[in-house]
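Comments concern the structure below.
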Amino acid sequence: MLMDAPIETPRLILRTLRSGDVGEKYISWLSDPEVTRYLEIRFTVQTIQGAREFISAMNASEDSLFLGMFLKSRATHIGNIKLGPMDWHHRRGDIGLVIGDKVQWGKGYATEAIRGVTDYAFGVLELHKLSAGLYDANEGSRRAFLKAGWFEEGRRRDHWLSEGKWQDDIQLGCINGDAP
Ligand SMILES: CC(C)(COP(=O)(O)OP(=O)(O)OC[C@H]1O[C@@H](n2cnc3c(N)ncnc32)[C@H](O)[C@@H]1OP(=O)(O)O)[C@@H](O)C(=O)NCCC(=O)NCCS
């Protein structure tokens with residue numbers, strides 16, 4: 001899916017990605033075990049061509065919005081956030097994100113991006129509910145979603161095998177009107 005205009009948050013621009021946004025740096029993020037330890041992409045070899053094809057497929061899809069997170073101050077690409085797939089019948093959608101540039105971790109950018117996409121999903125796309133699933137040990141992700149006004153909805157036991165240990169899947173959700 002494409003958007004009419006990028007999403008703007010206090011410090012970020014969230015915009016549709018293009019082929020030209022993918023280069024060695026982008027692939028190095030998605031190949032970094034520290035970045036991907038709680039992401040399913042760690043099971044796939046990442047290539048420039050594959051990443052570009054994924055962007056084209058997302059941009060052509062009718063149910064997913066795949067956006068780059070860019071620092072407003074320097075127009076630097078620091079990560080991606082995806083809204084989708086969306087179920088238009090039930091007006092629901094999933095959110096997933098990655099901040100690939102580890103220097104930018106812990107500065108509140110995930111919280112800000114989740115807030116921005118949550119507002120867009122409810123305000124512009126008129127969705128009713130958003131969901132996200134995460135590994136129990138992913139404390140940074142859990143805190144970012146909760147700070148953005150989401151709630152914990154459930155736990156699926158031993159759902160993921162990560163670094164030789166089973167981890168519960170934590171289901172988070174946000175209903176239009178929950179977030180401040
Ligand atoms: C998880 C991730 C998105 C968090 O992004 P971020 O921009 O660092 O998050 P924020 O700065 O908005 O942090 C939100 C809160 O979590 C805390 N936090 C961030 N990383 C943390 C970590 N590794 N451990 C514990 N707390 C952490 C922050 O200090 C902040 O807490 P506070 O403001 O309540 O004190 C980022 O680390 C990342 O992209 N990781 C790799 C991919 C991934 O796991 N994606 C999520 C899949 S569901």
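The values are calculated or read from the model by the stated rules, or taken from the named source; none is laboratory data. None of the values given here were measured: they were computed from a predicted structure. Positions of Cβ are generated from backbone atoms using ideal geometry, with glycine treated the same way; all protein chains shown enter the neighbour counts.
Just the residues that are surrounded by fewer than 17 Cβ atoms within 10 Å (Cβ to Cβ) and in a strand (DSSP E or B), please, taken from region 68-93.
L71, P85, D87
May I ask you to list the residues in region 133-142 that are near the ligand (Cβ under 6 Å from one of its atoms) and in contact with a Ser or Thr (Cβ under 8 Å, 6 or more places away or on another chain)?
Answer for region 133-142, where residues must be near the ligand (Cβ under 6 Å from one of its atoms) and in contact with a Ser or Thr (Cβ under 8 Å, 6 or more places away or on another chain): just L134.
From (1) over 15 Å from the mean Cα position of the chain (by Cα); (2) free of Cβ contacts under 8 Å to residues at least 40 places away in the same chain, pick out the condition that doesn't hold for G93.
All conditions are met except number (1).
The rows are residues; the columns are (1) modelled with pLDDT under 95; (2) assigned to a strand (DSSP E or B); (3) out of contact with any helix residue (DSSP H, G or I) (no Cβ under 7 Å at 6 or more places or on another chain); (4) surrounded by 18 or more Cβ atoms within 10 Å (Cβ to Cβ).
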| residue | (1), (2), (3), (4) |
| --- | --- |
| L2 | yes, no, no, no |
| G20 | no, no, yes, no |
| K25 | no, no, yes, no |
| S28 | no, no, yes, no |
| V35 | no, no, no, yes |
| Q49 | no, no, yes, no |
| I55 | no, no, no, yes |
| D63 | no, no, yes, no |
| F66 | no, yes, no, yes |
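Please work out which one of (1) touching a strand residue (DSSP E or B) at 6+ places or on another chain (Cβ under 7 Å); (2) assigned to a helix (DSSP H, G or I); (3) aliphatic (A, V, I, L, M); (4) closer than 25 Å to E62 by Cβ is the condition I13 fails and give its number.
Only one criterion in (1) touching a strand residue (DSSP E or B) at 6+ places or on another chain (Cβ under 7 Å); (2) assigned to a helix (DSSP H, G or I); (3) aliphatic (A, V, I, L, M); (4) closer than 25 Å to E62 by Cβ is unmet by I13, namely (2).
Just to be sure I understand the filter: pairs with C-beta atoms under 6 Å, separated by 6 or more residues or on different chains, first member in region 125-148 and modelled with pLDDT under 95, second member in a strand (DSSP E or B) and not basic (K, R). Which pairs pass?
So the pair list comes out empty.
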